[in-house]
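*Asks:* Quick one: this structure, given as structure tokens, is what I'll be asking you about.
We did not get these values from a lab; they are worked out from the coordinates using the rules stated. Nothing here was measured: the structure is a model prediction, and the numbers come from that model. Quick reminder, even Gly has a Cβ in these numbers, built from the backbone with ideal geometry, and neighbours come from all protein chains shown.
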């Protein structure tokens, strides 16, 4: 009797498990065809261009002042003027370095914010597909899950794309933005 009880305890959960629906999705593929992704890429490129233009302007100013300083050294200019101009050059050089670091941090933060917003939209669509399809769990194969039985799970990538209004024939955009 005890053996039958143990056997039932093992079989009943397996039967319940077999009735559950599991799915998988490729979030990286979906993100790269989302209109928000392309828009974010363009915005980031514009922001990067703006920063690059400003950086180049500052660098041009530094080079110009460097050339002027070299001319002053060739002339017979008093030492105190040379010293002051040299300090100005060093300050400008330091500002340029700091600006470069700020730009890098700002671009990274802007990218992260945009990716998080896209991921939120994707997650919301995934939740709707999961609820509508009666899925217990939907795995993301883009996250490096080692094995998913494609015969026991349903690929819901196209359903999520449809929920987001992305055509089935949309091709991923080549990106520098990470689709994590």
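*Asks:* May I ask you to order 117-128, 23-34, 50-61 by the average number of other C-beta atoms within 10 Å around their residues, highest value first?
*Replies:* 23-34, 117-128, 50-61
*Asks:* If you don't mind, there's one more thing I want to ask. If N is the number of residues in the chain, what value comes out of its Cα radius of gyration divided by 2.2 N^0.38 Å?
*Replies:* 1.84
*Asks:* Report the label-to-label distance for residue 99 and residue 38 in nanometres (one decimal), using points 7 Å from each Cα along the Cα→Cβ vector.
*Replies:* 3.4
*Asks:* Further question: Angle check, please: helix 35-74 long axis (alpha carbons) against the longest principal axis of the chain (alpha carbons), in degrees 0 to 90, nearest 10.
*Replies:* The angle comes out near 20 degrees.
*Asks:* If each of residue 73 and residue 170 carries a label point 7 Å out from its Cα toward its Cβ, how far apart are those two points in nm?
*Replies:* It is 5.7 nm.
*Asks:* Now for a separate question. What angle do you read, to the nearest 10 degrees and between 0 and 90, between the alpha-carbon axis of helix 79-133 and the longest principal axis of the chain?
*Replies:* Long axis of 79-133 versus the principal axis of the chain: about 10 degrees.
*Asks:* Follow-up question, since we're still on this one. Rounded to the nearest 10 degrees, what's the angle between the helix 2-19 long axis and the longest principal axis of the chain, both from Cα atoms, 0 to 90?
*Replies:* 60
*Asks:* Using R₀ = 45 Å, calculate the FRET efficiency as 1/(1 + (r/R₀)^6) where r is the Cβ-Cβ separation of residue 151 and residue 112; round to 0.05. Mind showing how you got there, number by number?
*Replies:* On the way: r = 37 Å, r/R0 = 0.83.
After rounding to 0.05, the efficiency reads 0.75.
*Asks:* I would also like to ask the following. Roughly how many nanometres apart are two label points built 7 Å out from the Cα toward the Cβ at residue 81 and residue 143?
*Replies:* The answer from the label model is 6.8 nm.
*Asks:* Would you mind checking region 79-94 for residues with the amide N under 16 Å from a putative spin-label position 7 Å along Cα→C-beta of residue 64?
*Replies:* Label zone hits: 89, 92-93.
*Asks:* Averaging sequence separations of C-alpha pairs under 8 Å and six or more residues apart, then dividing by the length of the chain, give the relative contact order as a whole percent. Don't skip to the answer; put the middle values down first.
*Replies:* Numbers: 133 pairs, mean separation 90.1, N = 180.
That works out to 50 percent.
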